[in-house]
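S.K.: I have a structure I would like to understand better, so I am pasting it below and will then ask my questions one at a time.
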Amino acid sequence: MIDIFTTGGTIDKIYFDAKSDYEVGDPQIAELLRDSNLTLDYRVISLLRKDSLEMTDDDRQQIRDAIEASDAAGIVVTHGTDTMIETGRRLQGVAGKTIVLTGAMQPARFRSTDAIFNVASAITAAQTLPPGVYIAMNGRIFDPLSSRKNAERNLFEEI
């Protein structure tokens with residue numbers, strides 16, 4: 001069993017024509033997974049609907065509390081990419097769980113999105129990596145203690 005906690009971010013953003021703006025909408029992960037023909041057991045739990053730039057320490061504690069309360073050993077957290085590293089660092093020390101944060105540079109509803117690949121990578125990582133906290137982005141697995149988002153290049157990298 002894998003628990004997938006959704007927190008918002010670009011992966012869940014939708015475009016409002018009337019406003020000419022993006023806003024965080026309903027979690028998109030359930031639709032992505034339903035269309036992917038998965039044969040594993042998973043639960044999707046919606047925790048937050050926030051852009052990660054709006055996340056607070058209380059929000060990060062809520063994420064940690066939910067993960068600690070989960071009976072699943074494999075955890076995926078969908079998260080905005082701007083502060084994903086910060087949340088990953090906040091989750092350090094959760095015992096006995098493989099926690100993988102992921103997100104997208106383009107909303108999941110877009111035809112051209114990295115969301116599907118990133119989510120698939122995170123689910124695979126949650127099943128195969130040893131307990132710890134990881135970031136799954138750009139076809140790679142990162143340690144949040146030694147990585148960053150490079151906004152200019154629109155990717156994650158080791159530091």
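S.K.: So ILE67 ticks every box in (1) in contact (Cβ under 8 Å) with a residue 60 or more places away in the chain; (2) touching a helix residue (DSSP H, G or I) at 6+ places or on another chain (Cβ under 8 Å) but one. Which box is left unticked?
M.R.: (2)
S.K.: Any residue that is under 17 Å from GLY8 (Cβ atoms) and among the β-branched types (Val, Ile, Thr) - is there at least one of those in the range 112-133?
M.R.: Yes - at least one qualifying residue is present in the range 112-133.
S.K.: Go through (1) crowded, with 16+ Cβ neighbours inside 10 Å; (2) under 15 Å from the mean Cα position of the chain (by Cα) one by one and return the number of the condition LEU53 breaks.
M.R.: The single condition LEU53 does not satisfy is (1).
Each row is one residue, and each column tells you yes or no for (1) of a type in the set (A, V, I, L, M); (2) in contact with a Pro (Cβ under 7 Å, 6 or more places away or on another chain); (3) free of Cβ contacts under 8 Å to residues at least 60 places away in the same chain; (4) within 22 Å of LEU155 (Cα to Cα).
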position: LEU40; (1), (2), (3), (4): yes, no, no, no
position: LYS50; (1), (2), (3), (4): no, no, yes, yes
position: LEU53; (1), (2), (3), (4): yes, no, yes, yes
position: GLN61; (1), (2), (3), (4): no, no, yes, no
position: ASP71; (1), (2), (3), (4): no, no, no, no
position: ILE85; (1), (2), (3), (4): yes, yes, no, yes
position: VAL119; (1), (2), (3), (4): yes, no, no, yes
position: GLN127; (1), (2), (3), (4): no, no, no, no
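S.K.: For the range 51-73, give me each residue that is part of a loop (DSSP other than H, G, I, E, B) and hydrophobic (A, V, I, L, M, F, W, C).
M.R.: In the first step, residues of the range 51-73 are kept if they are part of a loop (DSSP other than H, G, I, E, B); the result is 51, 55-56, 70-73.
Listed by number, the residues that qualify are MET55, ALA72, ALA73.
S.K.: Another one. Given the residues ILE75, ILE45, ILE63, ILE67, which is the only one that is closer than 24 Å to PRO144 by Cα, surrounded by fewer than 19 Cβ atoms within 10 Å (Cβ to Cβ) and at pLDDT 90 or above?
M.R.: Details: ILE75 fails: surrounded by fewer than 19 Cβ atoms within 10 Å (Cβ to Cβ); ILE63 fails: surrounded by fewer than 19 Cβ atoms within 10 Å (Cβ to Cβ); ILE67 fails: surrounded by fewer than 19 Cβ atoms within 10 Å (Cβ to Cβ).
So the residue among ILE75, ILE45, ILE63, ILE67 that is closer than 24 Å to PRO144 by Cα, surrounded by fewer than 19 Cβ atoms within 10 Å (Cβ to Cβ) and at pLDDT 90 or above is ILE45.
S.K.: Sticking with this one: Tally up the residues in the range 78-94 that are at pLDDT 95 or above and of a type in the set (Asp, Glu), please.
M.R.: Summing the residues that are at pLDDT 95 or above and of a type in the set (Asp, Glu) in the range 78-94 gives 1.
S.K.: How many of the residues making up the range 115-137 are of a type outside the set (Phe, Trp, Tyr), within 13 Å of the chain's Cα centre (by Cα) and closer than 21 Å to GLU86 by Cα?
M.R.: Looking only at that region, the number is 12.
S.K.: Specify the residue that is surrounded by the most Cβ atoms within 10 Å (Cβ to Cβ); the eligible residues are those in the range 136-159 that are touching a residue at least 40 places away in the same chain (Cβ under 8 Å) and more than 20 Å from ALA115 (Cβ to Cβ).
M.R.: Ranking the qualifying residues of the range 136-159, first place goes to ARG148.
The values are calculated or read from the model by the stated rules, or taken from the named source; none is laboratory data. Note that the structure is predicted; figures quoted are calculated from it, not measured. Cβ sites come from the backbone with ideal geometry, for glycine too, and all protein chains shown count toward neighbours.
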